[in-house]
Amino acid sequence: MGKAFAVVLVIITVISTAVFIFHGQLLWLPEDISAHGHGIDHQLMETMAGSGFLFVLSQVLLGIFVWQSSDRSESRKIKTFPGGAKPMVVTAIVLVGLEILALSFVGSKVWAGIYLTPPDPGSMHIDLQAGQFAFYFRYAGADGKFGGLHPDKIDEGNGNFFGLDPANDVAARDDITSASLVIPVNRPIYLTMHSKDVIHSFYVRELRIQQDIVPGLLIPLHFTATKTGRYEIVCTQLCGLGHHNMRAYLEVMPEDQFDQWLKAKEAEQ
Amino acid sequence: MDNTLAKPAAHQHAPPEGFLRKYVFSVDHKVIGLQYYGLALVAVVIGMVLSWLMRVHLGWSTFPIPGLGKLSAAGAPDNIMTPEYYLSLMTMHGTIMVFFVLTNAPFSGFGNYFLPIQVGAADMAFPRMNMMSFWVTLVAFLVLMAAFFVPDGPPLSGWTAYAPLSAVGKDAGPGQALGQSLWGISIAIFCVGQLLGSLNFIATTLDLRTKGMSLARLPFSTWAWFITSVIGLLAFAVLLPACILLVLDRVAGTSFFIPSGLVISDRLQPHAGGSPLLWQHLFWFFGHPEVYIAILPAIGIVSHILPAFMRKPLLGPRVLVGCMAAIAFLSYMVWGHHMFVSGMNPFSALLFSVPTLVITIPATVAVLLWIGSVYGAKLRFTSASLFCLGFISVFISGGISGFFLAQPSIDTYLHATYFVVAHFHFVMGVAAIFAIFAGTYFWMPKMVGRMMNETLGKIHFWLTFVGVYCIFMPMHYLGLAGNVRRYSAFTDDFLVPLIPVHQFITIAALITGAAQFIFIFNLIWSRFRGPKAPDNPWQATSLEWSTSSPPPFDNFGGKQLVVHHEAYEYGVAGSAGDYVMQTSPEVVKAQ
């Protein structure tokens, strides 16, 4: 029985590990289209290597010891691990201690590089409003200013998703609203996010970004997309019955194409 | 013999008379322990069936499930699950499993039955309060179950019930009406039961130990229940007021968790001034310790059972207790790692990340102590010991993924994906369930006086062990591919190619789930038809094996036990064989 346990354990370990590595895309990750994402991916690889090693080592060691201990012949004497508990404590502290030191040191830098740095002053500012069950994006228009938000004026039937008041608010008159997040490639984007009802989350796998949008808070985020293409933005915070259908598209365009799109959108308003 | 120092093994209550007093409204900790275990068994069957329904839906979202329409005509028209009903079932699954299974069985169930016996007491310190804690818990369960049958259906905001979705009432959608209020009330009641139970555990461990039972001689399981009750006392004391505030937001018009200016279902909400993040802080201040409320008793149970089958003590027993205490202590400093992407100050993410990673040190020490203890043992392979070994394996698998999620920079990608689902199911769900199985195969002979069937037990083990890996390992791959959780169907372009993986998981879940009925059959069949259990079927050392199977109402037949040894004197030359019981006055000689 012990030998069977050891064999099954090793088979599980080998298959589990192999599927991580030998899948078409390494570690199943989608392509990274962000300027900051390589830091995250690198951190993920490092963690995978370190913890993968610990995973295989500990499972295999357990398997070997169980295999040996299934020998219940009279001649074999029960033995204690050489040195007792001390080598276990030392190994755990040294091995895991070093691992977590390295991970927190490098990882904190990656995190700080994304979330604790101010946005590029030349960033393009886009405003996002999330609501059950759609995202809306707003561009400031020619004046470079966003109109104020008035929740009481939200009227989805008439396309006033943000609750703008163009009659009394000059800045709101040229705001451009879009159901897709359209951005120029390689241009830093500064996104301010807010929710009109419950918590939603902004998740783009290829951007390696996930950020909750909490009602009552204005949440800033900045990034640069480095590849053109169309990617899905999905909500990852349970927001109600239509949660799984709450999605929008991120369209990353060459600069000139983006300018055309923005002009056309402006003319539409 | 000088007995003056010992607490008298006085009967705290007279022998019960009549069916009701004996088996229903009993103050006997053993009956209460079995009641908790029975409640957990009912809950786990419901929770598992819910997970089947969800899994079928995730693999084949338009597949009609026969009879589902009868359970909820609105939730499953033509027997096909609607998205909101999926979310409701998911919410109920999580709530039932976390509270009424993972907290009830390893902690309240086994703890109630065995903590007083393992310390040599005749009962809990406060038997009446003990009875009350079970009945309060039962009421909490019934209130939660009632949510299935209210007009708008069960709540759909997840077991975490994030505000404002959970706080604004029926405007937020079906299931957010009375069902969500019942959820809040149920959990608040549950907290009361746990607070009473924790107090009892602490008082019993500290005050009712028999003569010679020093703290160092307590079995690991008792240590684990004791430490868990300290955590429980602090954690449930935070969740209780949080739930009350949530219910007040819903029914009394307060705004603890609701900010101003919310427009839901085209209606400006009449609330102002609250904070959705406050709910998350309160919830996770309870929620993270809750993980350890589930897993520490499991660690204690496995550490208690393994030596009996290895025929030698664990390495570093004091180190292991230290690890449990360290994990408990650190559990209060890490709640923010559930909130890396919540919109709280990103600087605090770094502060929460470090203690989270540090928890891996005591956890790794514990794992290495188990593995190192297996070295050189002569293992007896029983259903109980197999589940202990399986526990070690799944605890490693679940713990390892914690390395990823503890780092905010990686969590920002993996948060709310199936990677997280895999992580907590392995480390909290499966690991704790394995310990419950190990505990059941090990202790059931003592609890009901009958041996369980070992062949069925081993078949159950193999199907379950391979099954859980088939279910939860692929979820890591899904998470890495960006498969988000809490989705009722995978309609997004990038998720569609991942559906075959979900179908594989669903098939594995149905088979593994079906295998659990072998266990339930074994449990019921053995209860009535199993061979009679001797007092000490495993040649084990702790006090529960010094009394009859099952023990009399006062545990030791009025005898005052005197403890002479630490809890795990295995692999020694004793008069009974290779072990010396805690109650044996003989001197221990190395073999």
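Quick note: the coordinates plus some simple rules give every number you see, no bench work behind them. In this text, all values refer to a predicted model and were calculated from it rather than measured experimentally. Here Cβ is always computed from backbone atoms with ideal geometry, including for glycine, and neighbour counts include all displayed protein chains.
Taking every DSSP beta bridge that has both ends in the protein assembly as shown, the antiparallel portion is near 75%.
Rounded if a/c is under 1.5, else prolate if a/b beats b/c, else oblate: with a ≥ b ≥ c from the C-alpha gyration tensor eigenvalues square-rooted, which is segment A:35-106? List each step's numbers first, then the result.
Numbers: a/c = 9.20, a/b = 2.38, b/c = 3.86.
Because a/c hits 1.5 or more and a/b fails to exceed b/c, segment A:35-106 counts as oblate.
Based on Cα contacts under 8 Å between residues 6+ apart, chain A shows a relative contact order of 19 percent. Rounded to the nearest 500, the helix-only mean residue ellipticity at 222 nm of chain B stands at -19000 deg cm²/dmol, with each DSSP H run of n ≥ 4 adding -39,500 (n - 2.57). If the chain between B:A272 and B:L71 were fully stretched, how many nm would it gain, using 0.36 nm times the residue separation less the Cα-Cα distance? Extending this stretch completely gives an extra 68.6 nm. Taking every alpha-carbon pair within segment B:474-541, the share separated by more than 17 Å comes to 63 percent.
Between beta-carbons, use under 12 Å as the cut-off and find the net charge around A:L29, counting Lys and Arg +1, Asp and Glu -1. Please list the in-between numbers first.
On the way: positive: A:R205, A:R208; negative: A:E31, A:D32, A:D41, A:E206.
Neighbour charge sum, excluding A:L29 itself: -2.
Placing a label point 7 Å from the Cα of A:K86 along the Cα-to-Cβ direction, the residues of segment B:293-331 with a backbone N closer than 20 Å are B:313-323. When the Gaussian network model of chain A links Cα atoms closer than 10 Å, the mean-square fluctuations of A:A140, A:A225, A:A167 top out at A:A167.
The string of couplings for segment B:452-464 from the Karplus curve (6.51, -1.76, 1.60, θ = phi - 60°) is 8, 6, 6, 4, 4, x, 6, 4, 4, 4, 4, 5, 6 Hz, one whole number per residue in order, with x for Gly and Pro. Working note: 222 nm ellipticity from helices only, DSSP H runs with n ≥ 4, each -39,500 (n - 2.57), summed and divided by the residues of chain A, gives -12000 deg cm²/dmol to the nearest 500.
Among the listed pairs A:K153/A:K263; A:K145/A:K265; A:K3/A:K79; B:K30/B:K378, which are separated by more than 21 Å between their Cα atoms?
Values: A:K153/A:K263 26 Å; A:K145/A:K265 17 Å; A:K3/A:K79 19 Å; B:K30/B:K378 33 Å.
Those over the limit are A:K153/A:K263; B:K30/B:K378.
Taking the three principal axes of the alpha carbon atoms in segment B:41-113, the coordinate ranges are 46, 21, 16 Å, sorted in descending order.
Average projected area of the Cα convex hull of segment B:326-386, in nm²?
Values: hull surface 23.6 nm².
Projected area, direction-averaged: 5.9 nm².
Under the simplified labelling scheme, the A:K109-B:I520 pair shows an inter-label distance of 5.5 nm, with each label point 7 Å from Cα along Cα→Cβ.
Among beta bridges identified by DSSP and lying wholly in chain B, the antiparallel ones come to about 90 percent. When you restrict to C-alpha pairs under 8 Å that are six or more residues apart and normalise by the size of chain B, the relative contact order lands at 16 percent.
Normalised radius of gyration (Cα atoms, divided by 2.2 N^0.38 Å) for segment B:190-302: 1.48. Taking every DSSP bridge with both residues inside chain A, close to 70 percent are antiparallel.
Rg and Dmax, both from the Cα atoms of the protein assembly as shown and both in Å, are 28.3, 100. The eigenvalues of the Cα gyration tensor, multiplied by 5 and square-rooted, give segment B:446-591 an equivalent ellipsoid with semi-axes of 48, 20, 14 Å from largest to smallest. Per the Cα gyration tensor, segment A:73-148 maps to an equivalent ellipsoid with semi-axes of 60, 19, 7 Å, ordered largest to smallest. Listing B:R529, A:R76 from fewest to most neighbouring C-beta atoms within 10 Å gives B:R529, A:R76.
What is the ratio of the Cα radius of gyration of chain B to 2.2 N^0.38 Å, where N is its residue count, to two decimals?
Values: Rg = 24.1 Å, N = 591, 2.2 N^0.38 = 24.9 Å.
The reported ratio for this selection is 0.97.
Can you give the translational diffusion coefficient of chain A in µm²/s, computed by Stokes-Einstein from the Kirkwood radius over Cα pairs at 10 °C and 1.306 mPa s? Using the Kirkwood radius from Cα pairs, D works out to 70 µm²/s. Alpha-carbon geometry of segment B:97-250: the Rg and the Dmax are 17.8, 62 Å, given in that order. Separation of segment A:1-77 and segment A:160-188, taken as the distance between their Cα centroids, equals 49 angstrom.
Estimated at 0.36 nm per residue, the fully extended path between B:N345 and B:S575 surpasses their Cα-Cα distance by 76.4 nm.
In this structure, B:F528 and B:Q503 have a Cβ-Cβ separation that, at R0 = 45 Å, corresponds to a calculated FRET efficiency of about 0.70. With only Cα atoms counted, segment B:214-272 has Rg and Dmax values of 20.5, 65 Å.
Gain on full extension, evaluated as 0.36 nm per residue between A:E74 and A:V56 minus their Cα-Cα distance, stands at 3.3 nm. So what's the gap between the Cα centers of segment B:163-215 and segment B:558-576, to the nearest angstrom? After rounding, the separation between the Cα centres reads 37 Å. Residues whose amide H lies under 5 Å from that of A:N186, counting only those 5 or more places away or on a different chain, are A:A225, A:T226, A:K227; hydrogens are built 1.01 Å from N in the peptide plane. Each of B:M324, A:M124 was scored by other Cβ atoms within 10 Å of its Cβ. Listed from fewest to most, they are A:M124, B:M324. Its Kirkwood hydrodynamic radius, worked out from the mean inverse distance over all distinct Cα pairs, puts segment B:334-466 at 16.7 Å.
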